[in-house]
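The values are calculated or read from the model by the stated rules, or taken from the named source; none is laboratory data. Predicted model only: the values in this text are computed from it and were never measured. Don't worry about glycine lacking a Cβ; one is built from the backbone with ideal geometry, like all the others, and counts go over all protein chains shown. Remember, those area values only see protein heavy atoms, side chains included, never the ligands or the DNA or RNA. Shrake-Rupley method; radii C 1.70, N 1.55, O 1.52, S 1.80 Å.
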Amino acid sequence: MLASVTVLLGAALGASAHYTLPKILAGGAGADWQYVRKADNWQSNGFVGNVASEQIRCFQSAATPAQATLNVTAGSTVTYGAAPNVYHPGPMQFYLARVPDGESVSSWKGDGAVWFKIYHEQPNFGGQLTWPSNGKSSFSVAIPKCIKAGFYLLRAEHIGLHAASTSGGAQFYISCAQIGVTGGGSTEPKEKVSFPGAYKASDPGIQININYPVPTSYKNPGPAVFTC
């Protein structure tokens with residue numbers, strides 16, 4: 001009986017440690033899945049474990065649109081929200097992909113080499129790796145001021161590295177928001193990647209033992225961060 005209780009308790013604690021990324025805020029307002037495409041984990045709080053899966057893009061089996069598209073100004077900062085909070089250690093990363101002119105942001109899938117990274121975080125090093133995102137429920141990211149106006153998918157990704165010492169152990173928590181960018185410039189990011197395709201399970205920032213020996217450096221998976 002005690003063993004059964006222990007197993008059930010462990011399962012409950014494991015589920016409670018998972019999270020979604022359902023919200024993007026403008027002026028402090030925004031409901032879950034309003035501007036963010038509803039991810040497949042919206043009820044389960046699950047994660048993507050296979051970097052070769054189509055779900056590594058926006059955590060969707062099909063490109064179900066968001067309820068609305070958020071208008072933002074190039075150069076401004078938006079806030080992405082987690083529910084309940086980012087529990088696991090690992091980096092927060094953000095990507096953008098511009099919807100081709102003439103196509104709808106509501107139905108565009110974001111396939112192909114169209115994604116460029118606009119943010120990633122590094123850990124603090126010491127007796128253990130600590131991440132700025134750990135334990136937080138909101139994250140601010142700046143929309144580059146020089147990119148072209150138009151519609152974009154904003155891809156939020158948190159990588160849980162607590163069990164990443166073996167291949168396939170990293171946990172990816174992902175969602176994509178629909179935004180319309182106004183203002184901006186004419187700069188075209190050069191380093192673009194596709195999802196799936198950007199990551200390999202063996203990448204040093206994906207397959208890594210963060211516990212022992214404690215790393216003294218960390219290489220974020222994916223391309224370099226685009227800057228204007």
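Each row is one residue, and each column tells you yes or no for (1) part of a helix (DSSP H, G or I); (2) open to solvent by less than 30 Å² (accessible area, probe 1.4 Å).
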{"site": "I56", "(1), (2)": "yes, yes"}
{"site": "A62", "(1), (2)": "no, no"}
{"site": "P65", "(1), (2)": "no, no"}
{"site": "A68", "(1), (2)": "no, no"}
{"site": "N71", "(1), (2)": "no, no"}
{"site": "G75", "(1), (2)": "no, no"}
{"site": "H88", "(1), (2)": "no, yes"}
Hits in segment 91-102 (condition: on the phi < 0 side of the Ramachandran plot and open to solvent by 60 Å² or more (accessible area, probe 1.4 Å))
R98, D101
Considering only segment 103-130, how many residues are charged (D, E, K, R), assigned to a loop (DSSP other than H, G, I, E, B) and open to solvent by less than 60 Å² (accessible area, probe 1.4 Å)?
1
Which residue pairs have Cβ atoms closer than 6 Å, lie 6 or more positions apart in sequence or on different chains, and pair a first residue in segment 74-98 that is of a type in the set (D, E, K, R) with a second residue that is surrounded by 23 or more Cβ atoms within 10 Å (Cβ to Cβ)?
R98/Y152
Counting only residues that are open to solvent by 30 Å² or more (accessible area, probe 1.4 Å), closer than 17 Å to A177 by Cα and at pLDDT 95 or above, segment 38-53 contains a total of 2
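Residue-by-condition table, conditions (1) more than 16 Å from Y95 (Cβ to Cβ); (2) open to solvent by less than 70 Å² (accessible area, probe 1.4 Å); (3) in a strand (DSSP E or B):
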position	(1), (2), (3)
P132	yes, yes, no
Y173	no, yes, yes
K190	no, no, no
P196	no, yes, no
Y199	no, yes, no
N211	yes, no, no
A224	no, yes, no
